[in-house]
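Peer 1: What follows is a single structure, and I will ask about it in a moment.
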Amino acid sequence: MRFAKTILMSGALALMSSVSLAADMVPIKPVEKVDLQRFMGPWYVIASIPSALEKKAYNAVETYKLAPNGHIDTVFHYRNSAFTNPIKTIKSTGFVTPNTNNAVWGVQIVWPIKAQYVIAYLDDNYGETIIARDKRDYVWIMARTPTIPQADYDAMVARVAAMGYKVNDIRKVPQQWPETGGTEPSGN
């Protein structure tokens, strides 16, 4: 009986400490401002701490298109587990969070759930970006090109680490372009 109480107390303490850590976590700081028109278009996923759907993604590309109603139509194309497998597509909608200068979105794949999407880094040329979440569960390092110089990659990973992520969880996404048949990401 005493052993069971000890186990229960240990579990309760572990749960309370994890809740405390989550509550004390500093929110991800978004970039100051995002020009949505410049941000639109294809972004190659260079690396990520992936969601369950992306764990084995190859040639992953996220494409954004500003809809007339101000929402962002999002299309994620990838091949699962190999460059030769069929292209898979996930469509979602981005909703810019008011008063964030377009730097924080809610992204909805399934109604009514909107996942947090924080543009945490964006270079001046809109060529490289980091998308993060306060939960530090997922992160995406993306670029306008399928590869980036190693120094840029290392700097992006260092930024992700500074945000409080476990960089050992980052997976580089295999990218090989042009794809068979010469297709390039279009966003459709």
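Peer 1: Would you say TYR117 is open to solvent by 30 Å² or more (accessible area, probe 1.4 Å), of a type in the set (Phe, Trp, Tyr) and either modelled with pLDDT of 95 or more or within 24 Å of GLU32 (Cα to Cα) (or both)?
Peer 2: No: the conditions fail for TYR117.
Yes or no, residue by residue, for (1) crowded, with 17+ Cβ neighbours inside 10 Å; (2) among the polar types (S, T, N, Q):
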position: PRO27; (1), (2): no, no
position: ASP35; (1), (2): no, no
position: ARG38; (1), (2): no, no
position: ASN59; (1), (2): yes, yes
position: THR93; (1), (2): yes, yes
position: THR100; (1), (2): no, yes
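Peer 1: Still on this structure: Of (1) closer than 20 Å to THR63 by Cα; (2) of a type in the set (Ser, Thr, Tyr); (3) at pLDDT 95 or above, SER186 satisfies all except one. Which?
Peer 2: Among (1) closer than 20 Å to THR63 by Cα; (2) of a type in the set (Ser, Thr, Tyr); (3) at pLDDT 95 or above, SER186 violates only (3).
Peer 1: If you check VAL107 against the conditions, is it part of a strand (DSSP E or B), open to solvent by less than 30 Å² (accessible area, probe 1.4 Å) and either farther than 29 Å from MET25 by Cβ or not β-branched (Val, Ile, Thr) (or both)?
Peer 2: Considered against the rule, which asks whether it is part of a strand (DSSP E or B), open to solvent by less than 30 Å² (accessible area, probe 1.4 Å) and either farther than 29 Å from MET25 by Cβ or not β-branched (Val, Ile, Thr) (or both), VAL107 comes out as no.
The values are calculated or read from the model by the stated rules, or taken from the named source; none is laboratory data. Just so it is clear, the model here is predicted, and its values are computed rather than measured. Cβ: placed from backbone, ideal geometry, glycine included. Neighbour counts: every protein chain shown. In case anyone asks, the SASA skips ligands and DNA or RNA and just uses the protein heavy atoms, side chains included. Shrake-Rupley method; radii C 1.70, N 1.55, O 1.52, S 1.80 Å.
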